[in-house]
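**Student:** Here's a structure for you.
What follows draws every value from the coordinates through simple rules; no lab data is involved. Remember, predicted model here, so these are calculated numbers, not experimental data. Cβ placement follows ideal geometry from the backbone for every residue including glycine, while neighbour counts extend to all protein chains displayed.
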Amino acid sequence: MTAEQKVAIITGASQGIGAALVSAYRDRNYRVVATARTVEPSDDPDVISVAGDIADPKTADRVISEALAKFGRVDTLVNNAGIFIAKPFTDYTKEDYAAVVAVNVGGFFHITQLAIGEMAKRGRGHVVQITTSLVDHPNSNVPSVLASLTKGGLSAATKSLAIEYAQKGVRVNAVSPGIIKTPMHGPETYEFLEKLHPVGRMGSIGDIVDAVLYLETAEFVTGEILHVDGGQAAGH
Ligand SMILES: NC(=O)c1ccc[n+]([C@@H]2O[C@H](COP(=O)([O-])OP(=O)(O)OC[C@H]3O[C@@H](n4cnc5c(N)ncnc54)[C@H](OP(=O)(O)O)[C@@H]3O)[C@@H](O)[C@H]2O)c1
């Protein structure tokens, strides 16, 4: 443990892309604060697990307080927690709307406000959102306006924050994935989902982790929405 070790906060860290990001940042010698509702305590002294609902501002308070109390700094925030409910527009319930907005937008807003405040104090930091390729090319076979509404908001906010903080040493980027093999999708859907990508396959968790790590080290890149989608953003 050294004072120079950087600290990354990963939301949605209990499984899928988030869990892999925890390992990837540890491999790069970052200390990590991992948060999700069901995140397990870690044996690694350089990982703090904070269990909580990211939609609740109190979870954001606890994550940032623990990061500062135990590790003394916040260098990176990866806003990875998210939920996806695909339905025809008029089938969405009020509960669907409330849940998706609370996690995807509220879960971004509360913790980012606190994290970026800490980064700006030190004049250095990086925030990355995980959005979705559906923001740029909705698909009639996968109606999901709540994903567009919320992740589209994150995409716009990424550029807005990148500009607001460009002179304050804080970079803000996003990764826009195609469909990735994570617990979000059952194997029975793979055959349908792989055909949605020009390259003819779904993405792997490693494809998204590599993109986040690229952005982490790309000091001249801010406000970028990095498409990692097997060619979807280019066309079909
Ligand atoms: N997989 C894809 O095809 C795909 C495509 C485009 C974008 N994405 C985005 O990539 C991100 C990660 O996706 P994934 O596929 O790895 O998803 P996943 O396997 O379903 O994992 C989602 C993570 O978010 C956490 N989470 C969900 N609701 C939460 C809440 N209320 N409070 C705190 N944490 C919560 C979950 O933890 P708990 O349940 O323990 O709380 C879990 O760790 C998401 O933002 C997703 O929208 C995924």
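**Student:** In terms of modelled amide H atoms, which long-range or inter-chain residues lie less than 5 Å from the amide H of Q129?
**Tutor:** N79, N173, A174, V175
**Student:** Students often get this wrong, so check it: of K94/K151; K6/K70; K87/K195; K6/K181, which have C-alpha atoms separated by over 24 Å?
**Tutor:** Numbers: K94/K151 18 Å; K6/K70 12 Å; K87/K195 20 Å; K6/K181 29 Å.
Flagged as over cut-off: K6/K181.
**Student:** If you take every residue apart from T132 with its C-beta less than 12 Å away from the C-beta of T132, what net charge results, scoring Lys and Arg +1 and Asp and Glu -1?
**Tutor:** -1
**Student:** Separate question: Nearest 10 degrees, 0 to 90: what angle lies between the long axis of helix 145-164 and the longest principal axis of the chain (Cα atoms)?
**Tutor:** 40 degrees
**Student:** On a 0 to 90° scale, report how tilted helix 16-27 is relative to the longest principal axis of the chain, with both axes built from alpha carbons and the result rounded to the nearest 10.
**Tutor:** 30 degrees
**Student:** Now, a different point. Kindly express, to the nearest 10 degrees and within the range 0 to 90, the angle between helix 205-217's C-alpha long axis and the longest C-alpha principal axis of the chain.
**Tutor:** Taking Cα atoms only, the helix is inclined about 50 degrees.
**Student:** Counting Lys +1, Arg +1, Asp -1, Glu -1, what net charge surrounds L21 among other residues with beta carbon under 12 Å of its beta carbon?
**Tutor:** Taking every other residue near L21 into account, the sum is -1.
**Student:** Residue by residue, what Karplus-based ³J(HN,Hα) values in Hz, rounded to whole numbers, does the range 42-54 have, using 6.51, -1.76 and 1.60 with θ = phi - 60° and x for Gly and Pro?
**Tutor:** 10, 7, 7, x, 9, 10, 10, 9, 10, 7, x, 7, 5
**Student:** Pick from T182, T76, T132: which is most flexible by mean-square fluctuation in a GNM of the chain where alpha carbon atoms under 10 Å apart are linked?
**Tutor:** Of T182, T76, T132, the most mobile in the Gaussian network model is T182.
**Student:** Which of K87, K151, K181 ends up with the largest GNM mean-square fluctuation for the chain, with Cα atoms connected below 10 Å?
**Tutor:** Comparing K87, K151, K181 in the GNM, the peak value goes to K87.
**Student:** Still on this structure: Within a Cβ distance under 15 Å of V175, other residues only, what is the Lys/Arg minus Asp/Glu net charge?
**Tutor:** Every neighbour counted, the sum reads -3.
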